[in-house]
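J.: Sending over a structure as structure tokens; questions will come in a sec.
The values are calculated or read from the model by the stated rules, or taken from the named source; none is laboratory data. Everything quoted here is computed from the prediction, not taken from an experiment. For neighbour counting, all protein chains shown are included, and Cβ atoms are generated from backbone atoms with ideal geometry for every residue, glycine included.
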Amino acid sequence: MIITVSLNPAVDRFITVRDFSPGGLNRVLYSRSFSGGKGNNVASVLHRMGVPCLATGFMSGNAGRGAEAGLADQGIRCAFVYTSGETRTNIKITDESSRSCTELNESGPPASSKDLTHLEKILKKRVQAGDVVVFSGSLPEGIEPGAYARLMNEMKKQDAGTVLDADDEALGEGLRSSPDAIKPNIDELSRLAGRILTTPEEIIAAVREIRKSEDQKVLVSMGDRGAMLFGKVSVLYAQAPDVSVVNTVGAGDAMTAALAIGLSSGADDETLLRRSVAFAAASVMSDHFECLTEEIVLKQEERIQIQRLS
């Protein structure tokens, strides 16, 4: 089974307008709300693709109860720790004309070391040998940057696989626990490396600096430029297929889900990369993962060519 951990979840409210005017009057064409946060997005993708999963992490207040209910309504099993305050709301404004998206993300409520200890106990109880645990997203106020590393170290004691998708200090500190796989996007990798990365050679050099071992898989997402996968013996590149883009929010989370599936199933590197890019392509074709079906993913996989860089 795959377990997702969201320490700073959200209610994602998607608002669609036409010809968005900053500072002016904008009339809403339609709006929808979903249980969000990177880890919960991963859980939604896994469920859509028929992969058993358990969503864990923090929730807060009535907003959190609504977000958990949204996951449960999809058929996703949940085991959240409730903290003080209210789960944040992130607003995504999509311009129907330009297909651009403006994001307004709240910081979220604080959590405590006691909350983290409670979650750690849940994970120790629920996670079994051979499971894969995905740690995704930002950390709430009150939780130390090394929280992911702490939890991943415990998961290793359970003989579970670990995937990390984080940014800034949470990513840097998390790498100390040598997760089995990480999925930075190109901006996150640049911040970690301390310099702007543009060319494949620059990306390869940066990953070699941060990678803990050759066994650690590193999937670098680059938006419409595709993705690179660093495996044990090679570096692979896949160009993103040309698709009709509706919404790019969550595309990286779809790739993280594919990475977790590949790690869980023991997929070879080419299969893992091809499927990750196909998941992302299918994700951007709809508002909230509606096009993520096995049929559409397979069609996208057929269009993706893998290039060996090193």
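J.: Of all the residues that make up the stretch 187-213, how many are touching a Phe, Trp or Tyr at 6+ places or on another chain (Cβ under 9 Å) and either exposed (fewer than 13 other Cβ atoms within 10 Å of the Cβ) or at pLDDT below 95 (or both)?
T.: Looking only at that region, the number is 3.
J.: Of everything in the stretch 226-259, what is among the β-branched types (Val, Ile, Thr), touching a residue at least 24 places away in the same chain (Cβ under 8 Å) and either part of a loop (DSSP other than H, G, I, E, B) or in contact with a Cys (Cβ under 9 Å, 6 or more places away or on another chain) (or both)? Give them in sequence order. Give the derivation first.
T.: Let us first name the residues in the stretch 226-259 that are among the β-branched types (Val, Ile, Thr), namely 233, 235, 243, 245-246, 248-249, 256.
Okay, now just the ones that are also touching a residue at least 24 places away in the same chain (Cβ under 8 Å), so 235, 243, 245-246, 248-249, 256.
Once the filter is applied, which keeps residues that are among the β-branched types (Val, Ile, Thr), touching a residue at least 24 places away in the same chain (Cβ under 8 Å) and either part of a loop (DSSP other than H, G, I, E, B) or in contact with a Cys (Cβ under 9 Å, 6 or more places away or on another chain) (or both), the stretch 226-259 yields 243, 245, 246, 248, 249.
J.: Quick check: is even one residue across the stretch 136-145 among the charged types (D, E, K, R), more than 15 Å from the chain's Cα centre (by Cα) and in the same structural domain as residue 83 (by TED's automatic domain parsing)?
T.: yes
J.: Going residue by residue through the stretch 214-222, is there one that turns out to be modelled with pLDDT under 95 and assigned to a helix (DSSP H, G or I)?
T.: No, the conditions are met nowhere in the stretch 214-222.
J.: Right, next: Listed residues 62, 8; which is in contact with a Pro (Cβ under 6 Å, 6 or more places away or on another chain) and modelled with pLDDT of 95 or more?
T.: Just one listed residue meets the conditions, 8.
J.: Taking the options 190, 221, 213, name whichever one is in contact with a Gly (Cβ under 6 Å, 6 or more places away or on another chain) and either of a type in the set (A, V, I, L, M, F, W, C) or outside the structural domain of residue 147 (by TED's automatic domain parsing) (or both).
T.: Just a single option satisfies the conditions, and that option is 221.
J.: OK, next. Determine, yes or no, whether residue 108 is surrounded by 13 or more Cβ atoms within 10 Å (Cβ to Cβ) and part of a loop (DSSP other than H, G, I, E, B).
T.: In short, yes.
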